Structures are given as C-alpha cells and as structure tokens.
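The values are calculated or read from the model by the stated rules, or taken from the named source; none is laboratory data. All figures in this text were calculated on a predicted structure; none of them were measured in a lab. Cβ placement follows ideal geometry from the backbone for every residue including glycine, while neighbour counts extend to all protein chains displayed.
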Amino acid sequence: MGVFQLKDGSWGYRVLVKDQDGISRNRRATRDAFGNKFKTKRAATAAMNAVVQKFSEPPVQIEKKHSILTIADVYEEYCENGRSDRAFATKRKQDSLWRIHLSGDFGSKRIVDLTSAEVNDYLSNLYYGYGYAYKYVEGFLKMFYLIIGRAYSKEWLSIDRYAKLCVDKGTKIHMPKMKIDEDQDIKTFTMEQTDMLDAYFKGTNIETAYLLGRYCGLRAGETFGLTWNCVDFENDVIIIDKQMQIQDGVIRIVAPKTRNAMRQVVMCTKLKEHLFALYKQRELDQVEYREVREQKEIRLVTYTGEVISSLDLVNTLWNGKTQTETVLRFHAKMIRKDLHLDFKYHYLRHTFGTRMALANVPQFLLCSQMGHGNINVTGKYYLGENKDSIEVLRRCVDSL
C-alpha cells in the first residue's frame, strides 16, 4: 500500500480503506478527479491522504441532503464559481459540449443517480455508434470527471459513490477501447506536398503566415499574434509571448496556450531573409500608405494590459488591414479544390515537428521549440509513422 511510479513517469497510489458498510476495499488510482495523471509523488500522496481522511471520518448522509440536485445544477454552479481561471477557448468548448450534447442527455438527471455503466455506454455509443473521433470523445470523459469532481468537492456526493465513479479500477468511468485504425492526430505533408504548398502560397497575402508555420511550427494564434518587436534579427530568434484569438467576434491578444508556450524559436536563414525583406518593405509602406494604414489601425489591449497597434503585427497587410486566422479558411478551400490536399494550418506544425524528429533533433530541444507542456506530447513525433519516416527507415534497412 502507498504510492508507486508508473513506466511513463507518472504516479499513482493504492490504499486499503473501510467503506461506510465496514467492508475493507482496495482503492487504487493513477489520475485525479479531472482525469489528469499524477505528475509528482507529492500529488499522488496528497490524493491518497485525502481518501484515507475521508474514509476515517464518521459517515454522513450528504447525498440525502442534496439528492434533489441535478447534473445541470452542478454544471451551472461550476460555471458560476469554479472556472474563472479557465481560458476562453476552454470555456467555449465546455459550453459547446454541454449545450449540444450533455444537457439534453443528462441535464435533468440527479447527480446521485449517475452510474458508471450508463456513462461508459454513452461514451461507447459516441465512439462506435456515431463514429466521433477518439480525442473528441475524450472531451466528454473529461466533462464527466469535471462535473463529478465538482459535486464531490462541494460534498454533494459521498466518498463511496465518488470512488465508484472515478477511482476504483473495476467500476470507474473510462474511455472505450480504441479502434485499431484510429487516427492518432499527427498529420504531415510529404516533401512533394510541401513543394506544392510552397508554390501555392508564394506571393499571396498570407505567405508570411505560411512560412512561420512551415519553418517554425507556430500555432495559428501565435502566428497572427506575432509583433515585430518579437522578431530578433540579431540573434535569429522569434519570441513567442502572446497569441491572437477571436472571442465573440472581437480580436483579442491573450496569453500563450501554456506556460511552456512562452519560448524563443530559432529562425532558419530562408525565413529570416523573408521577414527582413518584409520589415524593410513595411518601413516604405508606412510612408507611402500612411493615411490608409492609420484609417484601418486597431488598438489592441494585451492580457498584460499593454496597448499595441495592429500595425505592429507581422501579418498586417501593406494597407493596414489586420489579418486573423479566419483568412486560412478560404485558402484551405482553394487548396482542397486545386491541389486535392486536406490543408489545415496546424498540419504545418505537425510536419515541422516530425521532420525535426527525423533529423534527430534531441527530444528536449524539440519540446522547447514546439512549446509543449509535456515532453510525452513531443514523443509522438518520434514514434509516429508517415511516408517520410518510412523512407528514412527504408534507407537504413538498405544500408545493412
């Protein structure tokens, strides 16, 4: 009994406790109430101690006291009081899943009546029946863990019911078994496809955005939120300290996706030459098109309270028009029509990461360049198979 470490470096705990009926049971967990792995021994120990403390307390009939509360009540309370620190995109995703799916299927159900079996059946039907992607269905699982964890933290659920739903290995809610042919979400372009994209974007109004994704693996928000003061030509690096988001139709400059996303990205020579030429052209445009640029200028308040001009954004056009990632939709449509390629800007990031891995860039360096919060995410680029990686493998085999 106690804490233990798993092969992937995360932690878990196992403890023997007595439930309200006086029956001794093994409690084993490797994830917290929100479905996240215990990253440290301290986190696993704290969770174990919390379980021991709860079971050692005199049983209370908390469920009877709050038996009228529905799952909708729990979610509404969470929205009002429990997610002020969550990012806008996170709130929007949660509200979307709740409004479109969960509210109708589970909203009126009492939280004390929720069972693991019905949740597991629901997730299986989403995955196997409706054919939703595995990653998308994982969002539903996290929502259930979130709602159940919230109810438990408010003492609206007993420790025994919470353990059955979220802790006990044999009864807790879980993802359905992954299909053999499930798409693992790493999409890359071959060298031939990249050449086609190079030719397509050459001279377009989003050539710069394309090159930033191609040669730096930036996220779309990081690309369109990049300002000229963050392009360091002397040291050949780009500083990522913010990103652009469209929130309720309003352009906002917000914090990077994670703390690790705040980073310095190395510029290759080709990208540096392009950006330097663009910077020099910008100086000429500021004089020649001063009036029209000022007319289209937007003042943007960053997450730090700093006010910046849209004219300082790297991807602002010569006439002062502010570009956002919505412009990518048109080009994705044209690329699908003319080149017969499924283009998403994020696939440039996948391609960059995969090629760096194939070039034997150390994993910790690629993790830093990509701005990943977990090095295991970076590992996917080293483990994935695609046409380029198969060619590398074939050359190695032929050399034997």
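Structure notes:
- Residue in segment 193-208 that is touching an Asp or Glu at 6+ places or on another chain (Cβ under 9 Å) and either buried (at least 22 other Cβ atoms within 10 Å of the Cβ) or in a loop (DSSP other than H, G, I, E, B) (or both) present: no
- Inside segment 325-367, residues that are surrounded by fewer than 19 Cβ atoms within 10 Å (Cβ to Cβ), closer than 30 Å to Val292 by Cα and under 18 Å from the mean Cα position of the chain (by Cα) make up a count of 0.
- Subset of segment 227-240 that is in contact (Cβ under 8 Å) with a residue 60 or more places away in the chain and in a strand (DSSP E or B) - its residue that is nearest to the chain's Cα centre (by Cα): Ile240
- Hits in segment 241-271 - residues which are surrounded by 15 or more Cβ atoms within 10 Å (Cβ to Cβ) and not in a strand (DSSP E or B): Asp241, Lys242, Ala255, Pro256, Lys257, Asn260, Ala261, Met267, Leu271
- Top-ranked residue in segment 311-324 [being under 21 Å from Arg219 (Cβ atoms) and buried (at least 20 other Cβ atoms within 10 Å of the Cβ); ranked as farthest from the chain's Cα centre (by Cα)]: Thr316
- Residue that is farthest from the chain's Cα centre (by Cα), among those in segment 369-389 that are at pLDDT 80 or above and buried (at least 17 other Cβ atoms within 10 Å of the Cβ): Gln369
- When Glu294 is tested against (1) loosely packed, with under 14 Cβ neighbours inside 10 Å; (2) in contact with a strand residue (DSSP E or B) (Cβ under 7 Å, 6 or more places away or on another chain); (3) not small (Gly, Ala, Ser), exactly one condition is not met: (2).
- Once segment 88-124 is narrowed to residues that are not in a helix (DSSP H, G or I) and not aliphatic (A, V, I, L, M), the residue that is surrounded by the fewest Cβ atoms within 10 Å (Cβ to Cβ) is Ser108.
Quick grid of which residues meet (1) among the hydroxyl-bearing types (Ser, Thr, Tyr); (2) free of Cβ contacts under 8 Å to residues at least 24 places away in the same chain; (3) within 20 Å of Gly203 (Cβ to Cβ); (4) assigned to a loop (DSSP other than H, G, I, E, B):
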| residue | (1), (2), (3), (4) |
| --- | --- |
| Glu273 | no, yes, yes, no |
| Phe276 | no, no, yes, no |
| Glu291 | no, yes, no, no |
| Glu297 | no, yes, no, yes |
| Asn315 | no, no, yes, yes |
| Asn319 | no, no, yes, yes |
| Leu328 | no, no, yes, no |
| Ala357 | no, no, no, no |
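- Residue match in segment 197-212 (condition: in contact with a Pro (Cβ under 9 Å, 6 or more places away or on another chain) and among the charged types (D, E, K, R)): no
- Flag for Phe224 being within 26 Å of Asn315 (Cβ to Cβ), touching a residue at least 24 places away in the same chain (Cβ under 8 Å) and over 26 Å from the mean Cα position of the chain (by Cα): no
- Selection status of Ala46, under 18 Å from Val3 (Cα atoms), modelled with pLDDT of 85 or more and surrounded by fewer than 17 Cβ atoms within 10 Å (Cβ to Cβ): yes
- Looking only at residues of segment 60-77 that are part of a loop (DSSP other than H, G, I, E, B) and loosely packed, with under 13 Cβ neighbours inside 10 Å, we find that the one that is modelled with the lowest pLDDT is Val60.
- Among residues of segment 362-375 that are touching a residue at least 40 places away in the same chain (Cβ under 8 Å) and of a type in the set (A, V, I, L, M), those with a beta-carbon under 7 Å from a residue that is part of a loop (DSSP other than H, G, I, E, B) and surrounded by 22 or more Cβ atoms within 10 Å (Cβ to Cβ) at least six positions away or on a different chain give the pairs Met370/Gly217.
- None of Lys179, Lys135, Lys187 is in a loop (DSSP other than H, G, I, E, B), out of contact with any Cys (no Cβ under 6 Å at 6 or more places or on another chain) and surrounded by fewer than 14 Cβ atoms within 10 Å (Cβ to Cβ) except Lys179.
- Against the test of being of a type in the set (A, V, I, L, M, F, W, C), in a helix (DSSP H, G or I) and either out of contact with any helix residue (DSSP H, G or I) (no Cβ under 8 Å at 6 or more places or on another chain) or assigned by TED's automatic domain parsing to the domain that holds Gly249 (or both), the options Val301, Val287 yield a single qualifying residue, Val287.
- Check on Ile111, β-branched (Val, Ile, Thr), modelled with pLDDT of 95 or more and closer than 30 Å to Arg14 by Cα: no
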